[in-house]
1. Name the residue that is most open to solvent (accessible area, probe 1.4 Å), counting only residues in the stretch 264-288 that are under 17 Å from G212 (Cα atoms) and either among the small types (G, A, S) or touching a Lys or Arg at 6+ places or on another chain (Cβ under 8 Å) (or both).
2. Provide a single number: the residues in the stretch 59-75 that are farther than 16 Å from G104 by Cα and surrounded by 14 or more Cβ atoms within 10 Å (Cβ to Cβ).
3. Which residues, counting only those in the stretch 83-93, are in contact (Cβ under 8 Å) with a residue 24 or more places away in the chain and open to solvent by 60 Å² or more (accessible area, probe 1.4 Å)?
4. Evaluate the stretch 330-337: report whether one residue or more is modelled with pLDDT of 90 or more, of a type outside the set (G, A, S) and open to solvent by 30 Å² or more (accessible area, probe 1.4 Å).
5. With the condition being closer than 27 Å to Q205 by Cβ, of a type in the set (F, W, Y) and touching a Phe, Trp or Tyr at 6+ places or on another chain (Cβ under 7 Å), I'd like the helices (runs of 4 or more DSSP H) fully within the stretch 260-334 carrying at least 2 qualifying residues.
6. Just to verify a result, which residue in the stretch 77-99, among those that are assigned to a strand (DSSP E or B) and aliphatic (A, V, I, L, M), is farthest from the chain's Cα centre (by Cα)?
7. For the stretch 99-107, check the following and say yes or no: at least one residue is modelled with pLDDT under 90, among the polar types (S, T, N, Q) and touching a strand residue (DSSP E or B) at 6+ places or on another chain (Cβ under 8 Å).
8. Limited to the stretch 294-325, what total is found for residues that are of a type in the set (S, T, N, Q) and modelled with pLDDT under 90?
Amino acid sequence: MKNLFIARMKCLLRDRSTLFWTLLFPLLLSTLFFVAFGHLHSDQDIVFDPIPVAVVDNEAYAGDTLLQETLSAVSLPQDNALLDMRLASAQQAHTLLEEGAVSGVITPGDTPTLAVRQSGLTQSVLKAFLDQYVGIKATVTHLAALDPAAAQQALADADFGRNYLRETSFSDASPDTILNYFYALLAMVCLNGSFWGLRNATDIQADLSSIGARRNLAPTHKLKGMLADEAAALLIHYTIILITLAYLAFVLKISLGTHLWPLLSLCLVGCFMGVAFGTFVGSVLKIKESIKTGLLIAITLFLCFLAGMMFADMKNIVAQYAPALQYINPAALLSDGFYSLYMFGAGPRFIVNIALLLGYGALFGIGSYLAVRRNRYASI
């Protein structure tokens, strides 16, 4: 078994074409991805600029202490201020609005009003802020009529109106949709192990290659030969995966999370799945090797497309309209496994992905052996 494994390793490493497409091509593609999306990838927090707004300085504003305090609390020069407020007369405020210097004009009164020139995100934020203020003021006014002491306590409470929500995080990782492209790329690299599996299937069948003809003359059990072939292909391709991971992490500085061993385990299972799939295609289909290679390329690219490698939203579209495809698409299982590991750790979702990949790989492996174990060739 050891001699079979070593001989097969030497044979596969001489295949420069497969080495290029499984090693150098993914490195080149990942570099292109980084050039295209790298500037969008950032671990820094997004900073929002305060919204410029004009407040009409009229009698209602002068007599509304609550409104003055509220606007002052959310305006510059506070850190992370919501508003950049300017006091102005009614005419000046609307002139600023017409010139585009402010996003809206707040006119104090019994019920403050908001004037805007167009709809947009900043205008929606201003409206939501003003609606919340009006609602809180109405609540406090009603409470004051029933119990002045309770209303005074509510106004004195620093958390009034803000203590209903609590921000929590599933993990220490920050969501990053750009990672979907790189994780789908890693899934493609894993599935590219099918090229090594196809080479193994070709070299074990006497009617497909001269190597297969010579090997079938030897008194070696076919199962033992296939296991040695698969182990050699798996070791070579797993080494390629490790090189790709190192390139992404240390050269391109792509975050792969902190769960190293689960990540390496998923890559190993993905390699096993890819090699087994290629062996199955090479063993079952009785067509030319060039056609099998083209078929593997087409299938791999299509599966990676559904997993979001070319169009990130495709993964969400499949999840919405054809959710069953997520569980039979190995590329989707791999990319989802990588991302779920990054976000949530090695939880149930990650384990389900690994279990399905192992099951599919085992089925392909058994199918390959059943397809070639009883092959007999006439001596001519």
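The values are calculated or read from the model by the stated rules, or taken from the named source; none is laboratory data. It should be emphasised that the depicted structure is a prediction, and the values quoted were computed from it without experimental measurement. Every residue, glycine as well, gets a Cβ built from its backbone with ideal geometry; the counts of neighbours run over all protein chains shown. With ligands, DNA and RNA removed, areas are computed over all heavy atoms of the protein, side chains included. Shrake-Rupley method; radii C 1.70, N 1.55, O 1.52, S 1.80 Å.
1. Going through the qualifying residues, I end up with L285.
2. 6
3. Listed by number, the residues that qualify are R86, L87, Q92.
4. no
5. Answer list for the stretch 260-334: 260-284.
6. Ranking the qualifying residues of the stretch 77-99, first place goes to A88.
7. Scanning the stretch 99-107 turns up no residue that is modelled with pLDDT under 90, among the polar types (S, T, N, Q) and touching a strand residue (DSSP E or B) at 6+ places or on another chain (Cβ under 8 Å).
8. 2
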